[in-house]
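One structure is given below, encoded as structure tokens.
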Amino acid sequence: MASKQVSRIGVLTSGGDAPGMNAAVRAVVRTGIYHGMEMFGIMRGYNGMIEDEIIPMNSRSVANIIQRGGTILKTARSKEFFEVEGRKKAYDNLLKHGIDGLVIIGGDGSFTGAQKFSNEFDIPCIGLPGTIDKDIAGTDFTIGFDTAVNTAVEAIDKIRDTADAHDRLFIVEVMGRDAGYIALHSGIATGAENILIPETKTDIEELIASLTEKEKRKKLVNLIVVAEGDEFGGANEIAVIIKQRLPNADTKVCILGHIQRGGSPTCIDRLIASRMGYHAVECLLNGKHNVMVGIQNNKMNYIPLDTAVKAKQKISSEWFKIVKILAS
Ligand code: F6P
């Protein structure tokens with residue numbers, strides 16, 4: 001690990017936005033200022049580094065944002081940063097502003113970029129896990145997950161009301177291209193009968209058998225929560241199969257989509273974003289470089305950025321046993 005003394009920090013948000021990113025930006029900027037550092041906001045993820053959209057920030061720049069969803073710094077998935085020419089341009093712009101440390105709030109794709117950049121140009125980088133998907137190892141929380149899952153729960157509760165009124169089978173699709181955490185947590189919390197996620201093999205025959213058995217005993221209200229990245233596809237694809245096999249079931253589809261990414265962050269997301277943002281600056285100050293700041297068992301956990309990229313969180317199979325027993 002490098003141990004250069006850092007005095008000018010750039011902060012950026014990258015990848016899909018997540019509620020709580022603003023709280024993290026606020027924490028990074030204000031902790032840096034507390035330590036007498038100069039702080040810069042980099043707009044639109046890595047694109048802002050490449051295009052020199054870099055602005056000085058002070059305490060007031062981050063006033064009145066802790067409660068706001070989205071990100072005041074904007075965000076993007078930068079293709080150019082994945083090319084060495086893009087990263088060189090970005091480095092030249094950092095030099096121009098004298099920026100000697102970076103805090104990147106984003107997901108695993110953003111950390112891959114940070115690790116490459118740091119290897120090439122020796123700029124220390126700290127990653128903060130900001131993604132609604134919670135698909136990063138080494139942390140019990142990612143910024144935005146709690147808000148997204150609560151948004152999904154609120155919506156699914158409403159769907160259950162109308163499903164109950166009409167005796168309907170609803171297939172609700174939640175976000176999660178590669179990860180099923182939103183589906184798993186929101187499904188359990190709303191009493192879903194089935195939860196389909198990319199991490200486990202979906203047994204469609206077992207699903208049909210369980211719905212048939214419920215139909216026989218006149219349990220007509222059923223909620224299936226599916227992550228968009230399930231191997232059978234999202235809610236529409238599952239609905240086609242169910243409608244063919246169970247033509248008598250009154251089957252409806254609801255895709256929650258991007259409402260899960262917006263909204264005011266929950267208290268938990270504000271807390272973890274504030275704590276992680278504070279520790280990101282402490283890391284840069286103390287020479288703990290190129291790590292992701294996580295929280296595990298209520299303690300700070302620092303994992304090398306490249307490890308955070310490769311490892312995924314594991315989903316315990318016990319959850320599925322619980323779902324089956326509780327949805328009977
Ligand atoms: O932020 C992660 C995520 O929400 C995934 O679950 C989803 O598939 C993806 O972002 C969608 O991203 P975008 O709207 O930027 O295409």
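The values are calculated or read from the model by the stated rules, or taken from the named source; none is laboratory data. Everything quoted here is computed from the prediction, not taken from an experiment. A quick note on method: Cβ atoms are made from the backbone with ideal geometry, for glycine too, and the neighbour counts reach across all protein chains shown. Heads up: the accessible areas ignore ligands, DNA and RNA and are worked out on the full protein's heavy atoms, side chains in. Shrake-Rupley method; radii C 1.70, N 1.55, O 1.52, S 1.80 Å.
Per-structure values
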item: As computed over the chain, the Cα convex hull volume per residue (Å³); result: 121
item: Positive-end residue, the chain charge dipole about Cα centroid, Cβ charges, pick of Gly233, Asn301, Tyr278; result: Tyr278
item: Net length gained if the chain between Tyr302 and Lys201 were fully extended (0.36 nm per residue, minus Cα distance); result: 33.2 nm
item: Hz values of 3J(HN,Hα) by residue in the stretch 46-59 - Karplus curve (6.51, -1.76, 1.60), Gly and Pro given as x; result: 5, 4, x, 6, 6, 9, 6, 9, 10, 10, x, 10, 10, 4
item: Pairwise label distance in nanometres, Ile322 with Asp178, each label 7 Å out on the Cα-Cβ vector; result: 2.6
item: Most mobile of Ala311, Ala227, Ala23 in a GNM of the chain (Cα contacts under 10 Å); result: Ala311
item: Surface accessible to a 1.4 Å probe, His166 within the full protein complex, Å²; result: 100
item: Residue-averaged [θ]222 nm for the chain, counting only DSSP H segments that reach four residues, each worth -39500 (n - 2.57); result: -13000 deg cm²/dmol
item: Centroid-to-centroid separation of the stretch 139-153 and the stretch 233-291 [C-alpha atoms, Å]; result: 6
item: 23 Å Cα-Cα reach of Lys324 towards lysines, excluding residues that sit fewer than 8 places from it in its own chain; result: Lys158, Lys201, Lys214, Lys216, Lys218, Lys219, Lys243, Lys252, Lys314
item: Choice from Thr131, Thr75, Thr251 with maximal GNM fluctuation in the chain (Cα, 10 Å cutoff); result: Thr251
item: Share of carbon and sulfur in the accessible heavy-atom surface of the stretch 146-261 [1.4 Å probe, %]; result: 49
item: For the chain, built as a Gaussian network whose Cα springs stay under 10 Å, the top-fluctuating residue of Ser317, Ser61, Ser110; result: Ser317
item: DSSP bridge orientation in the stretch 146-261 - percent antiparallel, rounded to nearest 5; result: 0
item: Efficiency of FRET from Cβ geometry, Glu154 and Asn58, R₀ 30 Å, rounded to 0.05; result: 0.25
item: The stretch 30-82-the stretch 162-176 distance, computed between alpha-carbon centres (Å); result: 39
item: Dipole in debye (nearest 20) - the stretch 7-98, about Cα centre, beta carbon charges: Lys, Arg +1; Asp, Glu -1; result: 260
item: log₁₀ of I(q)/I(0) at q = 0.14, 0.15, 0.19 Å⁻¹ - the stretch 182-259, Debye sum with one point per alpha carbon; result: -0.43, -0.50, -0.81
item: Convex hull of the stretch 114-246 built on C-alpha atoms - directionally averaged projected area, nm²; result: 9.4
item: With at most 15 neighbouring Cβ atoms within 10 Å, loop trypsin sites (Lys or Arg not before Pro) (DSSP) excluded, longest segment of the chain; result: 80-176
item: Dipole in debye (nearest 20) - the stretch 146-261, about Cα centre, beta carbon charges: Lys, Arg +1; Asp, Glu -1; result: 400
item: Alpha-carbon centroid distance for the pair the stretch 188-228 / the stretch 102-128, whole angstrom; result: 40
item: Of all DSSP beta bridges in the stretch 1-100, antiparallel share, percent nearest 5; result: 45
item: Among beta bridges that DSSP assigns inside the chain, antiparallel share in %, nearest 5; result: 25
item: Degrees separating the helix 235-245 axis from the principal Cα axis of the chain, which is the longest one; result: 20
item: Difference of contour (0.36 nm per residue) and Cα-Cα distance, Asn119 to Glu51; result: 22.4 nm
item: Distance in nm between pseudo-label sites at Glu83 and Cys267 (7 Å out along the Cβ direction from Cα); result: 4.9
item: Debye, to nearest 20: dipole size of the chain, +1 on Lys, Arg Cβ, -1 on Asp, Glu Cβ; result: 560
